[in-house]
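Each reported figure results from applying straightforward, stated rules to the coordinates on display, with no laboratory input. Keep in mind it's a predicted model, so treat the numbers as computed, not measured. Methodologically, a virtual Cβ is constructed for each residue, glycine included, from the backbone with ideal geometry; neighbour enumeration extends over all protein chains shown.
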Amino acid sequence: GAAREPWRVARAHLHALGIDEPHGKAWPWLEEYAGADRIVGQMLAKRLNSPLSSSCGRLFDAVAAMLGVCQRISYEGQAAIRLEAVQDKNEKYVYTCPIVEQDGLMELQTTELFAQVHAQWLEGESVGRISRRFHLGLVDGLTSWCVRLAERNACSTVALSGGVMQNLTLAAELPPALAQQGLTVLTHNALPPNDACISLGQAAYGRLTLQP
């Protein structure tokens with residue numbers, strides 16, 4: 001499935017951009033997964049077994065696959081870890097990650113972020129630079145998003161959690177960026193930010209409900 005083969009998520013992002021055939025450059029996964037790619041393309045066109053996901057981890061998967069960094073994983077977070085490792089830390093350029101408000105919702109347009117990754121991959125830009133620009137763009141987008149939500153809700157505290165906060169770049173760059181905007185930032189200390197805390201929360205809730 002898509003969770004184990006990040007190229008499938010990249011394929012879905014391309015489809016969302018209206019790109020269903022490679023132009024000028026073969027997608028990195030086609031040499032190994034050409035047959036499966038055709039099937040996935042048909043599934044996307046028919047919206048068959050193609051659920052939407054709001055997971056930030058799937059965005060990292062898509063970018064890693066698009067850059068040829070990782071097409072199949074053997075452990076959780078492998079694609080994101082590889083993508084982070086190839087960053088060119090000397091790169092300063094930041095991709096844009098727009099925010100759109102619709103029907104009372106404020107959404108990060110991460111598809112636009114992916115579009116910039118794809119465009120520069122086509123141009124032959126280095127994987128290290130693209131990876132760094134993507135990471136910095138996501139930090140910038142998340143910062144703007146949190147600031148606007150805080151203003152809307154008259155709130156000055158932001159809690160950062162979820163598996164994506166195990167990404168060392170986000171963990172290092174996002175808290176100070178938010179603090180510079182006057183927000184108080186809460187991060188994990190005694191416990192990890194990923195699924196372990198979900199399990200702990202379930203156990204705590206179970207204990208609470210079972211108490212006489």
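Note on the chain: GNM, Cα springs under 10 Å; of GLN166, GLN202, GLN120, the largest mean-square fluctuation is that of GLN202. With a simple spin-label model that places each label point 7 Å from the Cα along the Cα-to-Cβ direction, the separation between LEU105 and THR209 comes to 2.7 nm. Neighbours of GLU5 by Cβ distance under 12 Å: Lys/Arg scored +1, Asp/Glu scored -1, total +2.
At a 10 Å Cβ-Cβ cut-off, how would you order SER156, SER131, SER126, fewest neighbours first? Don't jump to the answer; show the numbers that get you there.
On the way: SER156 11, SER131 25, SER126 14.
The order, fewest Cβ neighbours first, is SER156, SER126, SER131.
For VAL158, the residues 5 or more places off, or on other chains, whose built amide H falls under 5 Å of its own are THR184, VAL185, LEU186.
Using the Kyte-Doolittle scale, which helices in the chain average at least 0.5 and also have C-alpha atoms spread 15 Å or more along the helix axis, with helices defined as whole DSSP H runs? Spell out each step's value before the answer.
Values: long enough: 6-16 (16 Å, -0.41); 30-46 (24 Å, -0.05); 56-66 (16 Å, 1.11); 110-123 (20 Å, -0.09); 127-152 (37 Å, 0.09); 168-179 (17 Å, 1.25); 195-210 (23 Å, 0.54).
Span-like helices, by this rule, are 56-66, 168-179, 195-210.
If you plug the beta carbon distance of GLU31 and TRP145 into 1/(1 + (r/R0)^6) with R0 = 35 Å, you get a FRET efficiency near 0.40. Each label was represented as a point 7 Å from its Cα along the Cα-to-Cβ direction; for GLN180 and HIS15 these points are 3.9 nm apart. Between GLN42 and HIS23, the simple spin-label model (points 7 angstrom out along Cα→Cβ) gives 2.5 nm. Farthest toward the positive end of the dipole of the chain, out of HIS23, GLY57, ALA203, is the Cα of ALA203, where the dipole comes from beta carbon charges about the Cα centre. Spatial offset of the stretch 16-35 relative to the stretch 165-201 amounts to 35 Å, using the alpha carbon center of each.
Take peptides 72-84, 5-17, 171-183 and line them up by average Cβ neighbours within 10 Å, highest first, as a rough protection proxy. Display every interim value, and only then the final one.
Working: 72-84: 17.9, 5-17: 22.5, 171-183: 15.5.
So the peptides 72-84, 5-17, 171-183, ranked by packing, come out 5-17, 72-84, 171-183.
Listed by Cβ neighbour count within 10 Å, with the fewest neighbours leading, LEU142, LEU30 appear as LEU30, LEU142. Pull out the extension gain between SER53 and ILE198, defined as 0.36 nm times the separation in residues minus the alpha carbon to alpha carbon distance; nm, one decimal. Roughly 50.3 nm would be gained on extension.
Neighbour counts of other Cβ atoms within 10 Å put MET66, MET165, MET106, MET43 in the fewest-to-most order MET106, MET43, MET165, MET66.
Here is how the number arises for the chain: DSSP H runs of 4 or more residues each give -39500 (n - 2.57), the sum is divided by the residue count, and the result at 222 nm is -17500 deg cm²/dmol.
Under 8 Å for C-alpha pairs, at least 6 residues apart: give me the relative contact order for the chain, rounded to a whole percent.
The normalised contact order for the chain reaches 17 percent.
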